[in-house]
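What follows is a single structure, written as structure tokens, with notes after it.
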Amino acid sequence: MIDNILKLARINIQKLKPYQSARRIGGEHGDIWLNANESPISVLFKLKKKSFNRYPECQPLNLISAYANYSNLCNDQILVTRGADEGIELLIKAFCEPGKDAIIYCPPTYDMYRINAKIYGVEVKEVPTIKNSWQLDILNIKLNLDKVKLIYICNPNNPTGNVVFKKDLLFLLKITLGTALIIIDEAYIEFFPQESMSFYLKDYPNLIILRTLSKAFALAGIRCGFTLARKDVIDILNKVISPYPIPVPVSDIAIQALEKDAIKTMKSRVSDLNANRTWLVNKLKKISCVKKIFDSSANYILVQFFMFEKVFCTLWEQGIIVRNQSDKINLNQCLRISIGTRMECERLIEEIQFFSKKFHF
């Protein structure tokens with residue numbers, strides 16, 4: 001009977017390997033979590049709303065206004081979603097014909113672009129970034145634009161941490177005008193805000209930007225994101241979003257997080273994490289089992305290790321959980337390390353130094 005039920009699922013879903021989130025693969029094992037690019041510091045809010053017997057607004061006006069003020073955009077350029085992840089999905093749902101259209105994604109990068117396309121039966125064209133620089137392979141993207149409706153680009157890129165050249169993004173926007181949408185996932189943009197593409201929304205109707213409160217705002221637990229685009233794109237996405245996507249408590253907390261003092265606190269926290277990243281990189285450079293550290297403009301770093309599997313397991317056994325990225329294209333021997341508190345970074349360095357001495361590097 002179970003076999004018969006499984007056969008009822010769509011063929012592409014039967015074959016689909018789901019996204020391996022930090023929690024899904026056992027990321028709650030240790031006491032220092034450096035595997036999900038979350039904020040290591042919790043932000044405390046008290047709910048102002050006290051009753052929950054009514055459905056929420058589909059698009060809470062006060063929340064949209066708060067984010068419009070933060071991002072210097074108009075209300076009609078913003079869609080509130082369940083994390084940036086829902087924005088990724090909605091764009092495929094609204095703009096791609098299954099079995100006909102395609103997306104481009106540029107690994108190594110966030111896998112949910114590819115997985116969402118697979119779920120909806122949309123072709124995925126994989127155009128890897130240039131090894132070690134992780135910049136876009138513009139020539140190959142240009143050669144693969146046939147049938148492409150959406151191009152997903154994470155900036156700063158996860159898991160490599162690099163910032164994509166702005167000239168390349170502008171070039172893609174120009175050559176795809178009227179044929180495809182360029183989606184810039186700016187989940188980590190608060191760690192390098194001068195690289196945001198939001199300024200160009202007024203010039204390019206095919207530009208879409210994804211944002212989240214999960215990273216710099218330290219609110220991964222409430223699942224609140226935003227899609228920024230021209231009004232006509234937002235209107236289309238409003239047709240396919242679910243009726244009540246944003247729970248009242250989520251909206252309540254998100255509005256508080258976007259108040260002037262809270263934004264000031266967020267920027268201070270980002271400054272501290274960026275300083276911790278610099279400190280961590282400088283310490284890792286002096287450890288002999290470290291093969292290479294890639295430049296990062298986000299709240300994580302990508303590090304290549306000698307004996308990387310042993311390093312990963314040793315840290316795991318000590319309760320320090322990092323993310324193994326070695327199964328991704330061009331990331332052999334690489335671990336991604338989220339930036340923690342200074343105390344967490346110090347503990348990480350101590351364990352890697354001990355490992356390096358133990359194995360005589």
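Which whole-number value in Å² is the accessible area per residue of segment 265-336, probe 1.4 Å? Numbers along the way, then the final one.
Details: 3180 Å² over 72 residues.
Per residue, segment 265-336 has an accessible area of 44 Å².
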Counting every C-alpha pair in segment 224-361, the percent lying more than 26 Å apart is 44
Excluding ligands, DNA and RNA, the carbon-plus-sulfur percentage of the accessible area of segment 67-108 with a 1.4 Å probe reads 41
By the Cα gyration tensor axes a ≥ b ≥ c (a/c under 1.5 gives rounded; else a/b larger than b/c gives prolate, otherwise oblate), the shape of segment 37-165 is prolate
Probe 1.4 Å, all chains present, heavy atoms only: Asp101 accessible area in Å², nearest 10, is 10
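Sorting check: for 251-259, 11-19, which peptide has the highest mean count of neighbouring beta carbons within 10 Å, and how do the rest follow?
Working: 251-259: 20.7, 11-19: 10.8.
Those peptides, ordered most packed to least, come out 251-259, 11-19.
Please give the FRET efficiency for Leu177 paired with Ile13, using the beta carbon to beta carbon distance and R0 = 51 Å, rounded to the nearest 0.05.
So, using R0 = 51 Å, E works out to roughly 0.90.
In whole percent, and with a 1.4 Å probe on the protein chains, what portion of the accessible area of segment 244-361 is carbon and sulfur?
Working: 2850 of 5630 Å².
That share works out to 51 percent.
Take the Cα atoms of segment 185-240, build their convex hull, and give its volume per residue in Å³. Write down the numbers at each step before the final one.
Working: hull volume 4.4 nm³, N = 56.
Taking only Cα atoms, segment 185-240 has a hull volume of 79 Å³ per residue.
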Per-residue ellipticity at 222 nm attributable to helices in the chain (runs of n ≥ 4 DSSP H, -39500 (n - 2.57) apiece, nearest 500 deg cm²/dmol) works out to -11000 deg cm²/dmol
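Per-residue counts of other Cβ atoms within 10 Å, averaged by peptide: what ranking do you get for 48-59, 132-143, highest first? Before the final figure, lay out the partial values.
Details: 48-59: 11.1, 132-143: 15.8.
Ranking the peptides 48-59, 132-143 by packing returns 132-143, 48-59.
Could you rank the peptides 88-98, 260-270 by their average count of other C-beta atoms within 10 Å per residue, with the highest value first? All intermediate terms of the calculation are to be shown ahead of the outcome.
Working: 88-98: 20.0, 260-270: 14.4.
By packing density, highest mean first, the sequence is 88-98, 260-270.
Quick one: accessible area per residue over segment 7-95, 1.4 Å probe, rounded to a whole number of Å²? Kindly include the intermediate steps, with their values, before the conclusion.
Working: 5550 Å² over 89 residues.
The answer is 62 Å² per residue.
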Using alpha carbon centers only, segment 322-361 is separated from segment 241-261 by a whole-angstrom value of 35
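Contour minus end-to-end for His29 and Lys46, with contour as 0.36 nm per residue of separation and end-to-end as the Cα-Cα distance?
Values: separation 17, 0.36 × 17 = 6.12 nm, distance 2.87 nm.
Length difference between fully extended and current span is 3.3 nm.
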Expressed as a whole-number percentage, the relative contact order of the chain with C-alpha contacts under 8 angstrom and at least six residues apart is 23
Yeah, segment 132-253 with a ≥ b ≥ c from its alpha-carbon gyration tensor (a/c under 1.5 is rounded, else prolate when a/b outruns b/c, oblate otherwise) is oblate
With Cα coordinates, the longest principal axis of the chain makes an angle with the long axis of helix 308-317, in degrees rounded to 10, of 90
Using alpha carbon centers only, segment 41-75 is separated from segment 80-102 by a whole-angstrom value of 23
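Filter the cross-link list Lys167/Lys286; Lys118/Lys147; Lys167/Lys283; Lys15/Lys291; Lys264/Lys286 down to pairs whose alpha-carbon distance in this structure exceeds 25 Å.
Numbers: Lys167/Lys286 35 Å; Lys118/Lys147 15 Å; Lys167/Lys283 33 Å; Lys15/Lys291 36 Å; Lys264/Lys286 34 Å.
From Lys167/Lys286; Lys118/Lys147; Lys167/Lys283; Lys15/Lys291; Lys264/Lys286, over 25 Å: Lys167/Lys286; Lys167/Lys283; Lys15/Lys291; Lys264/Lys286.
The values are calculated or read from the model by the stated rules, or taken from the named source; none is laboratory data. All values derive from a computational prediction rather than experimental measurement. For neighbour counting, all protein chains shown are included, and Cβ atoms are generated from backbone atoms with ideal geometry for every residue, glycine included. Heavy atoms of the whole protein, side chains included, go into the accessibility calculation; ligands, DNA and RNA do not. Shrake-Rupley method; radii C 1.70, N 1.55, O 1.52, S 1.80 Å.
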